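Working notes, structure below.
The values are calculated or read from the model by the stated rules, or taken from the named source; none is laboratory data. The structure presented is a predicted model; accordingly, all values stated were derived computationally and were not measured. Cβ: placed from backbone, ideal geometry, glycine included. Neighbour counts: every protein chain shown.
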Amino acid sequence: MQTLLCKPYIWLFLLVGSAFALDAEFAAQMVAWAKANYGAAAAERVQRWHALGKSSATAAELDKLRTVNNFFNEVPSVSDLEHWHKQDYWATPLEFLASNGGDCEDFAIAKYFTLRELGVPDERLKITYVKAQLATGGKSVAHMVLTYYPTPEAEPLVLDNLIRAIKQAHERPDLTPLYSFNARGLWAAKERVLGRWLGPADDINLWKDLMQRMQQIPESR
């Protein structure tokens, strides 16, 4: 498989918005990488990601949320053990999209970084760990979603791969927030609004590993 030798990966995987617009050749290399490693369908998905960025760059913020949420929710939900042969693995957005599969963390991470690149301010977006109440059996499972706060004290909107609709937090009584984080830091959950700041997100080892991999050239299969 081909090796991609170009810019640091943190810019390579963000094929939407201003990063892509500045370097069309750069985006073409990412499409070529996806095709070489995952086939023609993967290349088409990455091209659609790029097109989404160009078409949504000037859209209203809520329209960006809907577009990005719908786009990534088309990707199949697959466990890390089945997809990556690891107990727990946080994929980069490019890995998630090109390989066409991932679990709840991968959906939330891909939506977060894509919306950031589309100009949604970091302080409005939080990757949030929740307990999700399953419809059958009443069992609670660990789950991850992306939450959007139009203002710091507002009730957030929830972008989830379990359902297509974006709903306010009070409309999701099946979700109990535990903690949230983004590139700026880590927060303890406080009911349905942004809680107490706990420190840098680097304290989460899987997040730290993800950020390090995003600064590297993606490996070929």
Mind listing just one residue for me: the one in region 135-165 that is in contact with a helix residue (DSSP H, G or I) (Cβ under 6 Å, 6 or more places away or on another chain) and farther than 16 Å from ASP122 by Cα and, of those, surrounded by the most Cβ atoms within 10 Å (Cβ to Cβ)?
ASN161
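Within region 63-89, work out how many residues are of a type in the set (A, V, I, L, M, F, W, C) and closer than 13 Å to GLY119 by Cβ.
Within region 63-89, the first condition is being of a type in the set (A, V, I, L, M, F, W, C), and the residues that meet it are 65, 68, 71-72, 75, 78, 81, 84.
Narrowing the set further to residues that are closer than 13 Å to GLY119 by Cβ leaves 65, 68.
Going through region 63-89 one residue at a time, the tally reaches 2.
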Of the residues in region 168-186, how many are touching an Asp or Glu at 6+ places or on another chain (Cβ under 6 Å) and at pLDDT 90 or above?
2
Please identify the pairs in which a residue from region 24-39 that is of a type in the set (Val, Ile, Thr) has its Cβ atom under 9 Å from the Cβ atom of a residue that is surrounded by 14 or more Cβ atoms within 10 Å (Cβ to Cβ) and at pLDDT below 80, counting only partners at least 6 apart or on another chain.
VAL31/LEU15
Within region 118-157, how many residues turn out to be in contact (Cβ under 8 Å) with a residue 24 or more places away in the chain and among the β-branched types (Val, Ile, Thr)?
6
Only one residue in PHE26, PHE96, PHE107, PHE72 is at pLDDT below 95 and within 30 Å of VAL141 (Cα to Cα). Which one?
PHE96
Give me a count of the residues in region 43-62 that are crowded, with 18+ Cβ neighbours inside 10 Å, within 17 Å of the chain's Cα centre (by Cα) and over 17 Å from TYR112 (Cβ atoms).
3
State all residues of region 83-97 that are in contact (Cβ under 8 Å) with a residue 12 or more places away in the chain and surrounded by fewer than 17 Cβ atoms within 10 Å (Cβ to Cβ); if no residue qualifies, say none.
ASP88
Those residues of region 94-137 that are among the charged types (D, E, K, R) and closer than 30 Å to GLY39 by Cβ come to a total of 7
